[in-house]
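Just so you know, all these numbers are worked out from the coordinates, no wet-lab data involved. The shown structure was predicted, so the numbers you read here are calculated from the model rather than taken from an experiment. With ideal geometry, Cβ positions are generated from the backbone for all residues, glycine too; neighbour counts draw on all protein chains shown.
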Amino acid sequence: MLDYYLMKLFRATRNERKISSFADMRRFYFHVRRGQVTTMDNVGVELADYAEAVREAKKRARNLAAKEVASGRAGAQGTIIIDDQFQRCLEIPF
């Protein structure tokens with residue numbers, strides 16, 4: 001009987017951890033700077049941590065670079081600025 005309650009407690013604790021992980025997600029914003037012009041991301045994306053934000057920024061940088069190559073503007077440089085809800089975190093050039 002004790003095993004049953006311990007197992008039930010374990011499952012409840014595990015479920016609480018899953019729920020709290022959603023609550024710990026942050027909103028990250030990905031602004032694009034080209035020269036003197038910065039396009040602000042006012043929507044953002046909820047991600048679990050900075051590592052996911054970096055992966056998302058790299059994906060966006062690849063997409064922007066591919067669009068520039070497709071449109072014949074290859075060589076234009078820019079920066080994706082990763083910003084969380086409180087401060088600028090990182091800049092990734094492309």
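Summary table
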quantity	calculated
Given charges at Cβ of Lys, Arg, Asp, Glu: the stretch 25-93 dipole, positive-most of A66, L47, I92	A66
Amide H contacts under 5 Å for C89, placed H, 5+ residues apart	I82, D83, D84
Computed label-point distance, nm, for sites F86 and A66 using a 7 Å Cα→Cβ extension	3.5 nm
Average Cα contact separation per residue, the stretch 25-93, under 8 Å, 6 or more apart, as relative contact order %	39 percent
